[in-house]
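*Asks:* Sending over a structure as structure tokens; questions will come in a sec.
The values are calculated or read from the model by the stated rules, or taken from the named source; none is laboratory data. Every value quoted in this text rests on a predicted model; they were computed, and no experiment measured them. All Cβ positions, even for glycine, are placed from backbone atoms using ideal geometry, and neighbour counts span all protein chains on display. Keep in mind that these areas ignore ligands, DNA and RNA; they rest on the heavy atoms of the full protein, side chains included. Shrake-Rupley method; radii C 1.70, N 1.55, O 1.52, S 1.80 Å.
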Amino acid sequence: MREFPLTLNRFITQNQASHQAATEEFSGLLTQIGLVGKLISEDLRRAGLINILGTTGDTNVQGETVKKLDAIANDDFVKVFQHSGYVCALASEEMEKPISMPGNWPQGKYMLLFDPLDGSSNTDNNMPLGAIFSVLKYDRADRLPTEGEMIRRGTEQVAAGYLLYGSSTMLVYTVGQGVYGFTLEPGIGEYLLSHAQVRIPDKGKVYAANEGNYNKWSEGTRKYVDSLKVSDKATGRPYSARYSGCLVADVHRLLLGGGIYLYPGETDKPEGKLRLLYEANPLAFVVEQAGGKASTGTSRIMEVEPKKLHQRVPLIIGSRSDVEQAEAYIQGNA
Ligand code: AFP
């Protein structure tokens, strides 16, 4: 007899009790995230053959050129969730303002914030891509949330995770009870549990950063990255540099193998590049739940007080010892 695979739905149902935030709705919400993953995964497998590469000719709220796949991924998230009944509002890197569900549409008790396609510079060259999502609860029934009610600290997330479009498609998430990874089995169209209770090594041997920005970094950041290149067997140095251009892919590598990812502030961009609400906070939740750490360099990412929907933040994330070492250099204590 076959060993019945543990599908995403079965796993959530079996762990309903421990999934504090989980309700029928939550299981449904995660399943819809998985559906978006299947849709995009299918598009990416044929991207060179169907006319979805290149740009739309528009720029988004970030002032970045919009790739066709950015727009397709965003559209998939909106269409899948507008009709789902699981959410009452959506906010996306690709949309200046959040979308609330029209009153006559099915309402849900969750607010979903997402980066629909992370790593857009990789779309046309078959490199890894991802999507990042953050789930907040909305408890009012008398009215829809305002934009301000979606701008919440990372500690208020009830769930978070990412889709990784790599050699396989994965859905990785946490509800605050550990980190679980599911791999898409295309043959049956199901996500099967492949990484239970993920724990990030306390220290790694890999760092991910765009060293093309080296001269724009603070002195402390430069000293830290320089320190990783010193030959010293006792401390496992030099580290290996691995930078894919896709935050999700780089963080996933660190989550499983240990190490550190840095997108620090720069002289002309002290707030850095990455967005707090739908990139840094959700990945910080996942990495902290796996035993790692996520910092701005001086404070815990999940405690940053957000002011704007598309607020940027410096991000130093990965193995606890590595992040603490980076913080020491950045704060001038090393
Ligand atoms: P895009 O989605 O605009 O390509 O940005 C990707 C990203 O947010 C993150 O996934 C990468 O780690 C980082 O930016 C790459 O930024 P640089 O190209 O400046 O290194």
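*Asks:* Mind checking the dipole of the stretch 89-243: about its Cα centre, +1 per Lys or Arg Cβ, -1 per Asp or Glu Cβ, Debye to the nearest 20?
*Replies:* The dipole of the stretch 89-243 has a size of about 680 debye.
*Asks:* Separate question: I want to verify a result. In a Gaussian network model of the chain, Cα cutoff 10 Å, which of these has the top mean-square fluctuation: Ile316, Ile99, Ile188?
*Replies:* Ile188
*Asks:* Let me ask another. Quick one: angle between helix 68-82 and the longest Cα principal axis of the chain, in degrees between 0 and 90, rounded to 10, please.
*Replies:* Tilt of helix 68-82: around 50 degrees.
*Asks:* A further question follows. Name the residues whose placed amide hydrogens come within less than 5 Å of the amide hydrogen of Arg312, ignoring near sequence neighbours (fewer than 5 apart) on the same chain.
*Replies:* Here Leu276 satisfy the definition.
*Asks:* Please give the net charge around Thr59, taking every other residue with its beta carbon less than 14 angstrom from that of Thr59, where Lys and Arg add +1 and Asp and Glu add -1.
*Replies:* Result for the neighbourhood of Thr59: -4.
*Asks:* Under 5 Å between amide H atoms, partner at least 5 residues away or on a different chain: which partners does Leu6 have, H built in plane at 1.01 Å?
*Replies:* Distant-sequence amide H within range of Leu6: Leu193.
*Asks:* Place a label point 7 angstrom from the Cα of Asp232 along the Cα-to-Cβ direction, then list the residues of the stretch 302-334 whose backbone nitrogen is under 12 Å away.
*Replies:* 334
*Asks:* Rank-order 317-325, 278-286, 31-39, 49-57 by packing density, defined as the average count of other C-beta atoms within 10 Å over each peptide's residues, highest first.
*Replies:* Highest mean packing first, the order is 278-286, 317-325, 31-39, 49-57.
*Asks:* Further question on the same structure: Between Glu64 and Ser168, what's the calculated FRET efficiency when r is the beta-carbon distance and R0 is 30 Å? Round to 0.05.
*Replies:* Working: r = 28 Å, r/R0 = 0.92.
With R0 = 30 Å, the Cβ-Cβ based efficiency is 0.60.
*Asks:* Skip the ligands, DNA and RNA, and give the accessible area per residue of the stretch 177-265 with a 1.4 Å probe, whole Å².
*Replies:* Accessible area per residue, the stretch 177-265: 45 Å².
*Asks:* OK, next. Compare the Cα positions of Gly154, Ser168, Tyr224 along the charge dipole of the stretch 135-253 (+1 at Cβ of Lys, Arg; -1 at Cβ of Asp, Glu; about the Cα centre) and return the one farthest towards the positive end.
*Replies:* Toward the positive end, the furthest listed residue is Tyr224.
*Asks:* How far is helix 24-45 tilted, in degrees, relative to the longest principal axis of the Cα atoms in the chain, given as a value from 0 to 90 rounded to the nearest 10?
*Replies:* 70
*Asks:* Moving on. As a quick test, which of the pairs Lys79/Lys137; Lys38/Lys203; Lys137/Lys203 have an alpha carbon distance above 31 angstrom in this structure?
*Replies:* Lys38/Lys203; Lys137/Lys203
*Asks:* Counting helices only, and only those DSSP H runs with n ≥ 4, report the 222 nm mean residue ellipticity of the chain as the sum of -39,500 (n - 2.57) divided by its residues, in deg cm²/dmol to the nearest 500.
*Replies:* One gets -8000 deg cm²/dmol as the mean residue ellipticity at 222 nm.
*Asks:* To the nearest 20 Debye, how big is the dipole of the stretch 6-124 about its Cα centre, given +1 on the beta carbon of each Lys and Arg and -1 on that of each Asp and Glu?
*Replies:* 420
*Asks:* Which value results when the Cα radius of gyration for the stretch 8-195 is divided by 2.2 N^0.38 Å?
*Replies:* So the stretch 8-195 has a normalised radius of gyration of 1.01.
*Asks:* Picking from Glu266, Glu93, Glu288, which is most flexible by a Gaussian network model of the chain using Cα springs under 10 Å?
*Replies:* Glu266
*Asks:* When all alpha-carbon pairs of the chain are counted, what percent fall beyond 34 Å?
*Replies:* Percentage above 34 Å: 21.
*Asks:* For a Förster distance of 35 Å, can you work out the FRET efficiency between the beta-carbons of Leu35 and Lys307, rounded to the nearest 0.05?
*Replies:* That gives a FRET efficiency of 0.60.
*Asks:* Hey, got the Cα dimensions of the stretch 94-237 along the principal axes, in Å, largest first?
*Replies:* 63, 43, 36
*Asks:* Same structure again: Please report the Cα spread of the stretch 1-95 along all three principal axes, rounded to whole Å, starting with the longest.
*Replies:* 49, 37, 20
*Asks:* Under a Cβ-only charge scheme (Lys and Arg +1, Asp and Glu -1), can you give me the dipole magnitude of the stretch 240-293 about the Cα centre, in debye to the nearest 20? Intermediate values should be presented prior to the final figure.
*Replies:* Working: 6 positive and 6 negative charges, 30 e Å.
Magnitude of the dipole: close to 140 debye.
*Asks:* Does a label point 7 Å from the Cα of Asp124, set along Cα-to-beta-carbon, have any residues of the stretch 67-96 with amide nitrogen under 12 Å, and which are they?
*Replies:* Those under the cut-off are 67-69.
*Asks:* Also, I was wondering about something else. Can you list, largest first and rounded to whole Å, the semi-axes you get for the stretch 206-330 by taking the square root of 5 times each eigenvalue of its Cα gyration tensor?
*Replies:* 22, 17, 13
*Asks:* Run the quick spin-label model on Tyr243 and Glu3: label points 7 Å from Cα toward the beta carbon, then report their separation in nm to one decimal.
*Replies:* 4.0
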